[in-house]
Amino acid sequence: MLDEIKKDASSRMGKSVASLQQELTKIRTGRAHTSLLDHITVDYYGSQVPLNQVANVGVEDSRTLTVTPWEKDMVKAIEKAIMNSDLGLNPASAGTVIRVPLPALTEERRKDMIRIVRQEAEGGRVAIRNIRRDALHDIKELLKEKMIGEDEERRAESEIQTITDKFVGQVDQALADKESELMEI
């Protein structure tokens, strides 16, 4: 019973950390990376489709992404989707290849990005603490129903706290890595 609660809490906390890392990859650091365009959807014959399902996204150099649509007709739609995204990018098409240059980050923009990254990390910590709260509530329920003793409860609570500390440490490490990546010039 207690092992199930610990395993569930651990797997849910792991998913929270993975989700945070996924969000952090979307935050632009000035270096070209194909995941920057992952969340962009394109109007493909009347339905919204992820960009990577209608085109090949690649890295030309450290500051330029290339998008090669699989259909020639999609060039304008992909350009429009990239322009309308919240990334502030200006794609330029040359025939069937769309080049997306990434502007250099200013000091002010870097500080804004760091603030956003810290908010994301705090959201991850809050999610992990909520999972801890749920697990501790489940343990208290077992104690109320006399399925475990007080010693087992205390031991389980300390183990849940240890698991929580481990995952909060992973969040902090991801935050530190992203901040150092953002401050590189």
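The values are calculated or read from the model by the stated rules, or taken from the named source; none is laboratory data. In this text the structure is predicted, and so the values were computed from the model without any measurement. Positions of Cβ are backbone-derived with ideal geometry, glycine not excepted, and every protein chain shown enters the neighbour counts.
Here's the yes/no breakdown for (1) among the hydroxyl-bearing types (Ser, Thr, Tyr); (2) in contact with a Lys or Arg (Cβ under 9 Å, 6 or more places away or on another chain); (3) assigned by TED's automatic domain parsing to the domain that holds Val17; (4) part of a helix (DSSP H, G or I):
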residue: Arg132; (1), (2), (3), (4): no, no, yes, yes
residue: Ala135; (1), (2), (3), (4): no, yes, yes, yes
residue: Ile148; (1), (2), (3), (4): no, no, yes, no
residue: Glu153; (1), (2), (3), (4): no, yes, yes, yes
residue: Glu159; (1), (2), (3), (4): no, yes, yes, yes
residue: Ile163; (1), (2), (3), (4): no, yes, yes, yes
residue: Val168; (1), (2), (3), (4): no, yes, yes, yes
residue: Leu175; (1), (2), (3), (4): no, yes, yes, yes
residue: Lys178; (1), (2), (3), (4): no, no, yes, yes
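Consider Ser93 against the criteria (1) modelled with pLDDT under 90; (2) in the same structural domain as Gly169 (by TED's automatic domain parsing); (3) over 16 Å from Met13 (Cα atoms): it satisfies all of them except one. Which criterion is unmet?
Looking at each condition in turn, Ser93 falls short on (2).
Which pairs do you get when a residue that is under 23 Å from Arg109 (Cβ atoms) and at pLDDT 85 or above, found in segment 72-89, comes within reach of a residue that is charged (D, E, K, R) and not in a loop (DSSP other than H, G, I, E, B), reach meaning Cβ atoms under 9 angstrom, with the pair 6+ apart or on two chains?
Ala81/Asp43
Mind checking which residues of segment 84-116 are surrounded by 11 or more Cβ atoms within 10 Å (Cβ to Cβ) and either over 17 Å from Arg63 (Cα atoms) or of a type in the set (Phe, Trp, Tyr) (or both)?
Ser85, Thr96, Lys111, Asp112, Met113, Ile114, Ile116, listed by residue number.
Hey, among the residues in segment 1-46 that are aliphatic (A, V, I, L, M) and exposed (fewer than 14 other Cβ atoms within 10 Å of the Cβ), which one's modelled with the lowest pLDDT?
Applying the filter and picking the extreme gives Met1.
Sort through Val49, Val75 and tell me the only one that's hydrophobic (A, V, I, L, M, F, W, C), part of a strand (DSSP E or B) and either surrounded by 13 or more Cβ atoms within 10 Å (Cβ to Cβ) or out of contact with any His (no Cβ under 7 Å at 6 or more places or on another chain) (or both).
Val49
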